[in-house]
Amino acid sequence: MARNTDPFLFPTRYGLSVAAQAVVIWFALLSSQVWIPTTMVLHLAGTVLYGTRLGVFLYIRSVTWPEWNARAKNAPEAKASTIPQKLAIITVCSLLYASMCSPLLWHAQCANSVPGGQVPIVIAGLSAQWCGFLLETVADHQKSEYKKNVHKSNDNRWCAVGLYETCRHPNYLGEILFWVGLFIAGVPAMLCKGWWSFAPAVVGLLFIVNLMTSVSKKQDEKQKARYENDAAYEQWVARTGSLLPKLW
């Protein structure tokens, strides 16, 4: 399979840019020689691991899944042909990624001034962040392994193994949970900074949540059109939730 080397077709920049922001903030804290609370370390470490893992995974997927390059070619950034268009996309994406990670920055700036009574909020956010990271990691691995078996057996079916037995998009659920957790962990710091610090954080969170929910709906619609006459598919849909597992 010919590998497409156009960097605009590789979505690794999303994950790696998030990891890079966390690394820069971490080095800034270390260079300042201030005491870094454990909660701040966990906030940063979770983001570095999330971004690095996602960047590597998306790169591998872009060069091993035949359908991925075809799908990537239809992305808006892939259609940008002129330098001004590419610069505009880079600028918009950079602002969005910075907004999404802004709670991490505010937390770093106020890490040693978060009131003790608000630490449980930070811990709750970190719990959601790390759970989201682990959930997305497991879901991506399970789907990748399934795809490998599909390519070997030529069995053109949907992924309904592991986490996908009760939830059709556990990877997207993990993505949402990660960003919601990152946001919540930064709330006490944003309260210290002032109301204005919530603005970019809320914009970033709404963007990623809306993106994940809309993508999951589109994939549901695409699968329904493809397998609507398949009784096994209808049974799978009936016993699963789209983003949230159907537990009853």
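Highest mobility in the GNM of the chain, judged by mean-square fluctuation with C-alpha springs under 10 Å and restricted to Ala199, Ala111, Ala185, is found for Ala199. When the convex hull of the Cα atoms of the range 89-167 is projected onto a plane and the area is averaged over all directions, what value comes out in nm²? Seen from a random direction, the Cα hull of the range 89-167 projects 8.5 nm² on average. Remark: spin-label model distance Leu244-Thr82 equals 4.6 nm, labels positioned 7 Å along the Cα→Cβ axis.
Protection proxy ranking for 142-149, 171-178, using the average of other Cβ atoms within 10 Å per residue and placing the highest first: 171-178, 142-149. Only Cα sites of the range 192-248 enter the Debye sum here, all with the same form factor; the resulting log10 I(q)/I(0) across q = 0.15 1/Å is -0.60, listed in q order. When the chain is treated as a GNM with alpha-carbon contacts under 10 Å, the residue of Val34, Val215, Val187 showing the greatest mean-square fluctuation is Val34.
Between the amide H of Cys167 and those of Gly241, distances stay under 5 Å, these residues lying 5 or more places away or on another chain, with hydrogens modeled in the peptide plane. Rounded to the nearest 20, the size of the Cβ-charge dipole of the range 127-196 about its Cα centre is 120 debye, with Lys and Arg at +1 and Asp and Glu at -1.
From the alpha carbon centroid of the range 122-147 to that of the range 177-196 is 20 Å. Checking the cross-link pairs Lys86/Lys218; Lys148/Lys246; Lys217/Lys246; Lys147/Lys246; Lys143/Lys224; Lys143/Lys222 against a 21 Å limit on the alpha carbon distance flags Lys86/Lys218; Lys148/Lys246; Lys147/Lys246 as lying beyond it.
An oblate overall shape is assigned to the range 171-213, the ratio a/c of its alpha-carbon gyration tensor axes (a ≥ b ≥ c) being 1.5 or greater and a/b not exceeding b/c. Remark on the chain: Cys93, Cys101, Cys131, Cys159, Cys167 stand apart, with no other cysteine beta carbon under 4.7 Å. Across the range 158-167, coupling constants 3J(HN,Hα) worked out from phi with the 6.51/-1.76/1.60 Karplus curve, θ = phi - 60°, read 7, 7, 9, 10, x, 4, 6, 6, 10, 9 Hz, and Gly and Pro carry x.
Once the convex hull of all Cα atoms in the chain is built, its volume per residue stands at 143 Å³. With only the Cα atoms considered, the range 148-248 has a convex hull volume of 120 Å³ per residue. When the surface is traced with a 1.4 Å probe over the full set of protein chains, Thr39 keeps roughly 30 Å² accessible. For the chain, adding -39500 (n - 2.57) for each run of n ≥ 4 DSSP H residues and dividing by the number of residues yields -25000 deg cm²/dmol at 222 nm. In the chain, Cα pairs under 8 Å separated by at least six residues give a relative contact order of 23 percent.
The values are calculated or read from the model by the stated rules, or taken from the named source; none is laboratory data. All figures in this text were calculated on a predicted structure; none of them were measured in a lab. Reconstructed Cβ throughout: ideal geometry from the backbone, glycine too, with neighbour counts over all protein chains shown. What goes into the accessible areas is simple: the full protein's heavy atoms, side chains included, and nothing from ligands, DNA or RNA. Shrake-Rupley method; radii C 1.70, N 1.55, O 1.52, S 1.80 Å.
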